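Worksheet: the structure to be examined is printed underneath.
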Protein chains: 2
Amino acid sequence: MTTSRDVVGQRSETVRRANLSSIVRELHLRGPLSRSELVARTGLTRSAIRGLIGELVAADLVEERRSEPAGTPGRPSPEVRARGDQTLALALEANVDSLAMALVGLGGTVHRLERVDRPRAHVTVDEIADDLVGLVRPMLGDLRSGDALVGIGVAVAGVVRRSDGIVRHAPNLGWRDAPLGDRLAESLELDVPVWLANEADLGGLAEHRRGAAAGADEVVYVMGEVGVGGNLIAAGRPLVGAAGYGGEVGHMPVNPEGLPCGCGAVGCWETEIGERALLVRAGRDPDGGRAAVSELIGAAGEGEARACAALEHVAAWLGVGLATLINILNPQLVVLGGVFERIHPLVGDAIEAATRRRSLRPSADLVRIVPGQLGVDAPIIGAAELAFEPVLADPAARLRSRVPALASA
Amino acid sequence: MTTSRDVVGQRSETVRRANLSSIVRELHLRGPLSRSELVARTGLTRSAIRGLIGELVAADLVEERRSEPAGTPGRPSPEVRARGDQTLALALEANVDSLAMALVGLGGTVHRLERVDRPRAHVTVDEIADDLVGLVRPMLGDLRSGDALVGIGVAVAGVVRRSDGIVRHAPNLGWRDAPLGDRLAESLELDVPVWLANEADLGGLAEHRRGAAAGADEVVYVMGEVGVGGNLIAAGRPLVGAAGYGGEVGHMPVNPEGLPCGCGAVGCWETEIGERALLVRAGRDPDGGRAAVSELIGAAGEGEARACAALEHVAAWLGVGLATLINILNPQLVVLGGVFERIHPLVGDAIEAATRRRSLRPSADLVRIVPGQLGVDAPIIGAAELAFEPVLADPAARLRSRVPALASA
């Protein structure tokens with residue numbers, strides 16, 4: 001079913017922009033395609049495709065190449081591909097345990113990715129911004145001199161207001177209303193927009209575009225790290241909510257008799273399935289971080305009773321929250337990221353059973369629960385996607401910005 | 001942010017269809033508009049609007065009339081309006097307590113609405129279908145002879161597979177996999193499509209289009225009757241999920257130590273806030289139905305302690321589930337329907353406080369919790385909207401179907 005938002009009056013500029021967008025988006029997400037494949041995928045005519053590709057080539061967004069002869073007779077048809085060398089996104093990540101930066105080309109090629117550990121302590125937003133800039137510094141000269149960078153995407157372990165890049169609340173970093181977006185824009189001086197979003201939202205976006213949920217339109221992504229976050233995809237689109245705060249699945253109240261949560265409430269899902277709950281139940285250091293979790297998973301694999309019991313506790317409570325999400329969203333796919341991706345091989349069946357026990361049959365019969373495919377890098381890959389989004393939505397804007405240069409050449 | 005679903009290649013037929021759709025949709029939802037208002041609302045040019053209106057007038061979907069002189073100088077501009085007499089939807093409702101039928105015109109005018117009580121007993125799908133046909137029978141001759149009927153929408157108290165109108169599970173009617181859509185189509189013989197959906201989904205749709213949530217893009221609708229259902233609107237669109245089973249908020253597990261639920265699980269939201277929970281806590285007959293709830297609300301208004309305590313219990317648990325929905329969906333508006341609409345004047349503040357206690361601040365600060373505006377008729381009004389949807393999405397299809405008649409006239 002559709003509503004009033006589906007359709008608005010359309011003029012020819014709008015149509016041209018939409019058509020350019022659909023071509024660039026196909027090439028970005030699916031890789032090189034022949035013109036015939038573009039015709040089939042977009043529903044546009046061959047002549048329309050030809051004209052639009054010409055414009056995109058002139059703007060350095062795509063290129064055409066004869067593909068390698070495949071041993072079949074006849075002239076090989078030219079392949080259209082995104083110019084991942086000429087259109088770049090800078091992706092950053094401010095996680096509780098680590099900081100990371102990546103340089104990603106249109107089409108998804110990761111040219112460079114660096115991650116450094118950080119101690120789990122509350123720090124100021126200026127310190128985090130400085131550390132992130134430090135990671136990027138070796139490339140800063142190159143980035144400033146080129147005009148290929150289209151945007152900066154930032155994944156943050158907190159609730160982010162998307163309109164202005166303010167981190168409204170990041171309990172594990174110790175922030176409220178922290179202007180991380182502005183700080184990064186000032187320090188980097190790269191003259192391109194900086195986009196921030198929650199790390200789990202971006203992890204889910206990455207799994208949806210390039211991972212376990214590719215091609216699925218109804219997806220629940222749940223990621224466990226120190227906190228528990230999520231991302232919901234409905235009808236192929238991320239559910240971000242009125243201000244971008246959506247997907248905070250870690251703070252669903254699941255246990256009225258439960259433990260106090262960092263958010264100030266009691267019995268949030270995070271208190272039963274988060275990293276801390278897992279480590280405490282296994283009798284391990286709750287602040288041991290990723291290394292302690294790896295040890296725990298290893299011990300459980302060797303049958304250590306407390307480690308196994310801790311994983312089973314998490315599996316049972318995962319089922320309670322997943323049942324909530326399945327009953328209200330009727331997804332076709334649940335993707336487990338972060339620590340849940342890592343424990344899935346050990347307790348996948350227990351998670352499945354606990355989920356089915358509390359889900360409505362019609363929805364339970366339809367859903368598959370799978371581990372993610374992108375591991376720890378899902379959020380930063382999603383951050384690059386976030387930075388590319390304006391170019392994908394309106395390649396014509398980039399065309400326009402390049403026109404003077406082309407004209408004077 | 002947008003994804004690959006936002007944009008597909010566009011050809012001129014697609015554009016024309018979208019433009020016709022946006023005009024009919026505006027007139028259906030907003031009432032009569034001048035051509036200038038249509039230009040402003042759709043973004044189309046004046047000449048495009050003129051041409052498209054001509055087509056819609058020829059198909060009897062809209063008409064143009066001079067509006068009443070308003071005492072201002074100059075010629076009154078013609079008003080375009082939906083032909084609510086020429087384009088009709090039949091809406092039906094199979095509720096636990098009652099059956100209803102309505103005849104609704106394009107533009108939303110309810111020409112006729114009848115509701116009859118039914119005993120709370122399990123009945124076969126054939127019996128319900130016969131009773132609904134009996135309600136429609138007095139008009140059946142008129143409906144068959146005209147060609148104004150575009151579809152039949154049916155609201156059902158159960159989980160509905162939208163693709164084929166099968167009621168997968170309706171515990172309060174005693175159904176599993178009941179082919180209500182087919183039965184109604186056979187008995188009514190009206191040669192128009194029959195669309196089924198869950199009653200709470202349709203109540204939410206109605207409040208979104210014509211009630212408390214009109215104009216809001218991020219909405220959670222929760223409706224309490226015998227069962228508790230809901231409807232979620234994100235980015236202006238209903239979240240129906242992979243097969244239409246979404247919105248089953250009544251079966252969120254909220255209390256691991258809770259009561260068994262009709263669905264087979266334990267501690268579902270419905271067991272704490274449904275009509276039965278309310279009546280039992282107030283020491284009243286749990287099967288007393290709507291009348292018993294009315295008495296209870298009256299008694300609470302006069303200060304009866306047990307009645308007040310029961311309402312406070314429901315308010316507190318409403319807060320738990322609403323916090324879940326607010327944290328994961330970041331809605332701007334929560335609309336309470338059914339019994340929650342009726343108790344809102346008494347315990348609105350308690351609901352608000354309980355919800356805030358467990359919601360993340362950024363999302364809690366943004367949301368408003370309000371009662372519905374359409375009362376008991378919300379689902380049947382939504383059923384009419386469901387039946388109109390294909391005409392709104394593609395008025396050109398109706399144009400095409402009318403062309404032979406026009407050509408031979």
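Rule-based calculations on the coordinates, nothing more; no lab input. Since the model is a prediction, treat every value here as computed from it, not as a measurement. Every residue, glycine among them, receives a Cβ derived from its backbone with ideal geometry; neighbour counts consider all protein chains shown.
Numbers below:
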read-out	value
Descending semi-axes in Å of segment A:13-67, equivalent ellipsoid built from Cα gyration tensor	15, 13, 11
Shielding by other protein chains, A:186-199, mean Cβ within 10 Å	0
Highest-fluctuation residue, B:V156, B:V228, B:V192 considered, GNM on chain B with Cα pairs under 10 Å	B:V192
Directionally averaged shadow of segment B:229-273, computed from the convex hull of its alpha-carbon atoms, nm²	3.6
Number of partner chain Cβ atoms within 10 Å, mean per residue of B:152-160	1
Nearest-ten-degree value, helix A:378-393 long axis tilted from longest Cα axis of chain A	30
Computed over chain B: relative contact order in percent, which uses C-alpha pairs under 8 Å that are six or more apart	16
Under 12 Å, Cβ to Cβ, from B:V96 - net charge with Lys/Arg +1 and Asp/Glu -1	-3
Projected label distance in nm at A:E304 and A:D349, using a 7 Å step from Cα toward the beta-carbon	2.3
Rg and Dmax [Cα atoms of segment B:281-409; Å; Rg one decimal, Dmax integer]	21.4, 72
Estimated D of segment A:85-164 in µm² per second, where Rh is the Kirkwood radius over Cα pairs and Stokes-Einstein applies at 10 °C, 1.306 mPa s	118
Rounded FRET efficiency, nearest 0.05, which uses the C-beta distance separating A:R118 from B:T109 and R0 of 41 Å	0.05
Net +/- balance of residues flanking A:L336 in space, Cβ distance below 12 Å, scoring K and R +1, D and E -1	-1
Between helix B:289-301 and chain B: long-axis angle, C-alpha atoms, 0 to 90°, nearest 10	70
Label point 7 Å beyond Cα along the C-beta direction, distances from B:R118 to other copies (nm, shortest first)	6.0
Calculated FRET efficiency for the pair A:R66/B:D287, C-beta based, R₀ 56 Å, to 0.05	0.15
0 to 90° range, to nearest 10: angle between helix A:46-58 axis and chain A longest Cα axis	80
Whole-angstrom Cα spans of the protein assembly as shown along principal axes, big to small	80, 67, 63
Rg and Dmax [Cα atoms of segment A:275-324; Å; Rg one decimal, Dmax integer]	10.8, 32
Per-bin percent of Cα-Cα distances, chain B [20 Å]	25, 53, 20, 1
Gaussian network model of chain A, springs between alpha carbon atoms under 10 Å - residue of A:L27, A:L90, A:L106 with greatest fluctuation	A:L27
Rg/Rg_ref, segment B:214-373, where Rg_ref = 2.2 N^0.38 Å and atoms are Cα	1.00
Viscosity 1.567 mPa s, 4 °C: Kirkwood-radius Stokes-Einstein D of segment A:26-160 over Cα pairs, µm²/s	74
Sites A:S12 and A:A58 - FRET efficiency at Förster radius 35 Å, r taken between beta-carbons, to 0.05	0.95
Rg/Rh ratio calculated on Cα atoms of segment B:141-298 (Kirkwood radius)	1.02
Summed residue charge, Cβ within 12 Å of B:L132's Cβ, Lys/Arg positive, Asp/Glu negative	-2
Taking segment A:77-182 and dividing mean pair separation by its residue count, relative contact order in percent (alpha carbons under 8 Å, at least six apart)	26
15 Å cut-off, amide nitrogen to a point 7 angstrom out along A:R368 Cα→Cβ, residues in segment A:337-353	none
Number of partner chain Cβ atoms within 10 Å, mean per residue of B:363-371	2
Gained length - A:A397 relative to A:D164, 0.36 nm times residue gap less alpha-carbon distance	81.8 nm
